[in-house]
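Have a look at the structure below, then the notes.
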Amino acid sequence: MINILMHDPCDVQTLSWHGNITRLQEMDCHERRTEMTPRSVHLLLSLLPCLSILSASSLPDPESFLLCLSSTASPSTDWSHLLYLPNSPSYFSLLNSSIQNLRFTSPETPKPLLIIAPTDSSQIQALVICCRDHGLPIRVRSGGHDYEGLSYRSEKKSSFVLVDLADLRSVSVDVEHAVAWVEAGATVGELYYRIAEHSGTLGFPAGVCPTVGVGGHLSGGGFGLLWRKYGLAADNVLDAKVIDVDGRILDRESMGEDLFWAIRGGGGASFVVIVSWKVRLVPVPATVSMFTVHRTSEQGAIELMNKWQNIAHLLHDDLLLRVNIAQTEGAKRRVEAVFMSMFLGDCEGLLQHMGHSFPELGVERDDCREMTWIESAVHAAGHTNREPIEILTDRGLQPKIFNKGKSDYVTEPIPMTGWEAIWGRISEEKAGSMRIDPCGGRMSEIEESQTPYPHRKGNLFIIHYLSIWKDGGVAESKQHLDWSRRMYRFMTPYVSKHPRAAYVNFRDLDLGKNDGSRSYSEAKVWGEKYFKNNFRRLAMVKGVVDPGNFFSHEQSIPPLVVETEKMSQ
């Protein structure tokens, strides 16, 4: 039994709770009068199931944790509607709501001790303070598109809290100043749609998948069809609101330029909780043009890839020409290179550029389609022109699949023999694809150190290896995971070296992970692949803003405390 106070602090009503005798039982009447308020009592009464589960966990003082939440957040906060326990009906539906990679929905995947879905910043402040003070790790999730699931799972068996930001999703657009404030739980599609509601000639240079959350997308860099014209999403961040390890709400001025630098490409989850971003909107013409053409080896696809790699990064900044190499579906499988364009202008201008720079591709007027920028976002996401633009706001649209992703950057042209070998490898088995995006343009003009994302001048293109499958059985999963790793090893001679670079938003634990020792030297194994020479500065920022390593996961930035150096060096 546990005694919970009701109205008069000494008028005790007994409620049943199957658990251990706690400190609350042992308090005398005077202590109860001093330490318990009607609000605290109401909290404990409403959260008895939570108290039971927390007490059965590794959390040493669950009552203290719940009372901390009650006393730290706004008095109007009703935690009973924000906390989800594993035995509550909504727990698993909320947990799985934005998990796109079914690899991390298995019963074996460690689940959060509880999920908290805050609706305002004060609740996040309370969560950070109380979880920190009670030694309870947190994972923060905005969209859930996380290749290794580190925003909502832990490879360790220790208890952790999942903070789900999906209810923080507002977008405020200021057309006059060409800026927008977007909360971390909004998706890329929601941001695009809200911009288009206000203007037909403003856009934003983020990714093509509309169900990605902006919280993580921008903090890792964020590239898409406009990156050759305007750079990364992170390059167009003007301000941010974050909550640090001490529960303070900070903006760019109060956080300082070092932390502001770190969260624009260094992964915000290592440093703070991102609440919202202020972004610069970019001009787009009233008409943009796109084409998609398929080429097989019989149609000269291998020779076309060889030509593409030499010219795609040199094309006009208004034009991006990406390629996907994969086996086709259907009974008669074959490998195709699918060339897809995005041009800031009409079809006449696009065809002129293609005729001048890449006539071998043979693009014709019937291949080209004109549309608005927001319609191009729908098209790039794989939808038809019959779909309304509102489809961009459908957070459940993305099919849930099993997948494994890896990445590479290429700095020297791949020889023709290399392309022939690549074609042969993809022909061998239906397992994965190579999605290839050209660099150059604005990306080559920004210094490597301007943000943590270092893959700028000198890179020809980025490769995204992606293997997807629908059957989670052991044999099929092994086949696809093995393909990804074999393909990655096979590409070693053709890609960047010293270090072999990778993109942090295509998170890959095969590159290495933290073992809990907080070792900077060990983390360099994977950290320098993502961030090159910027990794040291990131670790130094971490050493200042979170020396206790509260914000951590299997590939979080470790703290490096350096007394005699300036972080900006």
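The values are calculated or read from the model by the stated rules, or taken from the named source; none is laboratory data. Treat the numbers as computed from the prediction; the structure is a model and nothing was measured. Cβ: placed from backbone, ideal geometry, glycine included. Neighbour counts: every protein chain shown. For accessibility, only protein heavy atoms count, side chains too; no ligands or nucleic acids. Shrake-Rupley method; radii C 1.70, N 1.55, O 1.52, S 1.80 Å.
Of the accessible area of the chain, computed with a 1.4 Å probe over protein heavy atoms only, carbon and sulfur atoms account for 50 percent. In the stretch 171-283, taking the dipole from charged Cβ atoms about the Cα centre, the farthest positive-side position among GLY224, ALA240, VAL214 is held by GLY224.
For the stretch 171-283, report the accessible area per residue in Å² (1.4 Å probe, heavy atoms, rounded to an integer).
Result: 28 Å² per residue.
Taking every Cα-Cα distance in the chain and sorting them into 10 Å bins from zero, the calculated P(r) comes out as 3, 17, 26, 25, 16, 8, 4, 1, 0 percent.
Helix-derived [θ] at 222 nm for the chain: sum -39500 (n - 2.57) over DSSP H runs of at least 4, divide by residue count, nearest 500? Mind dumping the intermediate values first?
Working: 19 runs with 175 residues, N = 569.
Calculated mean residue ellipticity at 222 nm is -9000 deg cm²/dmol.
Distance between the 7 Å Cα→Cβ label points at ASP133 and ILE311: 6.5 nm. In this label model, LYS470 and ARG500 are separated by 3.3 nm, measuring between points 7 Å along each Cα→Cβ vector. Helix 301-311 and the longest principal axis of the C-alpha atoms of the chain enclose an angle of approximately 80°.
Relative intensity of the stretch 171-283 on a log10 scale, I(q)/I(0) at q = 0.18, 0.19 Å⁻¹, equals -0.82, -0.91, per a Debye sum over C-alpha point scatterers of equal strength in the absence of solvent.
Modelled spin-label separation between VAL562 and GLU329, with each label point placed 7 Å from Cα along the Cα-to-Cβ direction: 5.1 nm. Using Cα centres only, tell me the gap between the stretch 284-323 and the stretch 518-555 in whole Å. That distance is 37 Å.
Please compare each pair in LYS111/LYS278; LYS400/LYS524; LYS400/LYS532; LYS470/LYS524; LYS156/LYS278; LYS406/LYS497 to a cut-off of 26 Å on the Cα-Cα distance and tell me which ones are over it.
Values: LYS111/LYS278 33 Å; LYS400/LYS524 33 Å; LYS400/LYS532 33 Å; LYS470/LYS524 34 Å; LYS156/LYS278 35 Å; LYS406/LYS497 16 Å.
Long pairs (Cα-Cα over 26 Å): LYS111/LYS278; LYS400/LYS524; LYS400/LYS532; LYS470/LYS524; LYS156/LYS278.
A simple count of charges around THR287, restricted to other residues whose Cβ falls under 11 Å of its Cβ and scoring Lys, Arg +1 and Asp, Glu -1, yields -3. Evaluated with a Cβ-only charge set (Lys, Arg +1; Asp, Glu -1), the stretch 161-312 carries a dipole of roughly 500 debye about its Cα centre, given to the nearest 20. Looking at the stretch 139-174, the trypsin sites (Lys or Arg not before Pro) that sit in a DSSP loop and have at most 15 other Cβ atoms within 10 Å of their own Cβ are LYS156, LYS157.
Once R0 is set to 30 Å, what does the formula 1/(1 + (r/R0)^6) return for the Cβ-Cβ distance between GLU303 and HIS356, expressed as a FRET efficiency to the nearest 0.05? That gives a FRET efficiency of 0.95. For the chain, a crude dipole built from +1 on the beta carbon of Lys and Arg and -1 on the beta carbon of Asp and Glu, taken about the Cα centre, is about 1380 debye to the nearest 20.
Mean separation of Cα pairs under 8 Å and 6 or more residues apart, divided by the residue count, gives the stretch 171-283 a relative contact order of 32 percent. Extension gain for SER427-GLU348 works out to 24.8 nm (0.36 nm per residue, less the C-alpha to C-alpha distance). All distinct Cα pairs of the stretch 62-164 go into the 1/r average, and the inverse of that average, the Kirkwood radius, is 14.0 Å.
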